[in-house]
1. Return the distance in nm (one decimal) between the two label points of a simple spin-label model at A:Lys87 and A:Thr110, each offset 7 Å from Cα along Cα→Cβ.
2. Charges only on Cβ, +1 for Lys and Arg, -1 for Asp and Glu: so what's the dipole of the protein assembly as shown about the Cα centre, in debye to the nearest 20?
3. Could you tell me which of rounded, prolate or oblate describes segment A:76-216, using a ≥ b ≥ c as the square roots of the eigenvalues of the alpha-carbon gyration tensor, with rounded for a/c under 1.5 and, failing that, prolate when a/b is larger than b/c and oblate otherwise?
4. Please name which of A:Asn138, A:Ile53, A:Met232 has its Cα lying farthest along the dipole of chain A towards the positive end, using unit charges on Cβ (Lys, Arg +1; Asp, Glu -1) and the Cα centre as origin.
5. So, for segment A:10-251, what is the accessible surface per residue at a probe of 1.4 Å, expressed in square angstrom?
6. Rounding to the nearest 10 and keeping the result within 0 to 90°, find how far the Cα-based axis of helix A:120-144 lies from the longest principal axis of chain A.
7. Which entries of A:Lys182/B:Lys109; B:Lys37/B:Lys109; A:Lys87/B:Lys109; A:Lys150/A:Lys238; A:Lys150/B:Lys152 show an alpha-carbon separation above 32 angstrom in the structure shown?
8. FRET efficiency for A:Lys238 and A:Ser166, Cβ-Cβ distance as r, R0 = 41 Å, nearest 0.05?
Amino acid sequence: MIKRYRDRTNRENIQLGVLTAFSAGMVNVISVIIFFAFTSNITGHFAILAEEISKGNWYQVLVVFGWISLFFLGNFTANLIVINFNKTNAYLAHSLPIVLEIICLLTVGTYTQFYYRETLLETELMVSLMLFAMGLQNGLTATISNAAVKTTHLTGLTTDLGILTSMFTQKEYRDRPELRDKMRLLLSIMVSYVVGGVSAGLIYLTINYNVFYIVCLFLFIVIGYDFYRIEMADYLAKKQPFYRKTLKNQAA
Amino acid sequence: MKARFLYPTVFLAVSSMYFFMLSLQQGPESRIVGEWKEVSWEYEKVDSLIHRGPDYLLADHIGRLTDHIKSQIAKSLIVHEAEVWKFGTDETLQMLGDSLARETRWKLKGRGNILQISGADSQTEHYKIQELTPTRMVLHFNTDMQVRGIVKITFERINA
């Protein structure tokens, strides 16, 4: 799901897109419910920044600027990790941003559950961490999928979907497999994001702040899936001569 | 300058400038503390309805709600009958009216633009802080009467 950088299959992109979009949808909805701020989309924050500048609310301007910067920093960090470690260990390079994201979300979840006194500073810091986490996720998925998968916001996705849908009015485009694959990918991400958001809204009523742990569980699946496959491939290659032979033939 | 020096330098410069500017700003939590007096309650969309016969009775010509309508809207709210709101530094909110003296708790959420008021029986209400200056505060909130949009409550500061 995350181990490959180039020559990714659409299936891998859909798997990655579905799981990360589901997490992003959950994070976004839960942040609105608890902290009254969006944490997976940035367009709205730019609009708020402009509004606060026009009102002269400089404290809010700085807060929102800080949030936008942390989303930026998340993207920067994810890509920096990938381009620096990709050649030495691709799996590590691709999973490290998700590990960081999990750490951020676990911190938010644990702090909110046990220590959160609902002060404004705490709220701002929690939102900051969540925006950084979403930046990491978005940066990673966009980097390793060559910008095919972006899962924390749906503006670009809805644009692409609109364009694709209009292209599908003509048979020549409808018959092109790469466009059909793209449509499947976009629809999967969109549905997954919405389902994640709805789930977060529903389960928050019963399990409260534990929602963050569920998000982390989904992210663990993302890194665990590839880990399992890599380990399993190594194991099978060592233990089973026939499989080793098959792998060797495939590589050749 | 090489990238390995340029990037950390820019990062440190921007961060330092950011936190320096932030330290100069007074946060909304300290700006809201003090005593505020309700000046008016207004419907967001009353102007479009004001010339339509029966609705005329709902508000006066400048869009302000009559005491009766205000009372109807606020009867289930924590802020019902409050005329003076006293925000304490310890997050207590005293609401004073003609025959009212109620103590609740207040918190700010979001980027300081949401006022959360918690009353007895775990009742919690949220108001959007539309404007907060040293002398004036404007709160917005949604009512069941969606057709007239949000209600705007305006305050003037009595004491800091």
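1. Result: 3.6 nm between the two label points.
2. Computed about the Cα centre, the dipole is about 2320 debye.
3. oblate
4. Towards the positive end, the residue furthest out is A:Met232.
5. With the other protein chains kept in place, segment A:10-251 gives 49 Å² per residue.
6. Once rounded, one gets 20 degrees.
7. With Cα atoms farther than 32 Å apart: A:Lys182/B:Lys109; A:Lys87/B:Lys109; A:Lys150/A:Lys238; A:Lys150/B:Lys152.
8. 0.20
The values are calculated or read from the model by the stated rules, or taken from the named source; none is laboratory data. All figures in this text were calculated on a predicted structure; none of them were measured in a lab. Cβ: placed from backbone, ideal geometry, glycine included. Neighbour counts: every protein chain shown. Side chains are part of the model used for accessible areas, which takes the heavy atoms of the whole protein and leaves out ligands, DNA and RNA. Shrake-Rupley method; radii C 1.70, N 1.55, O 1.52, S 1.80 Å.
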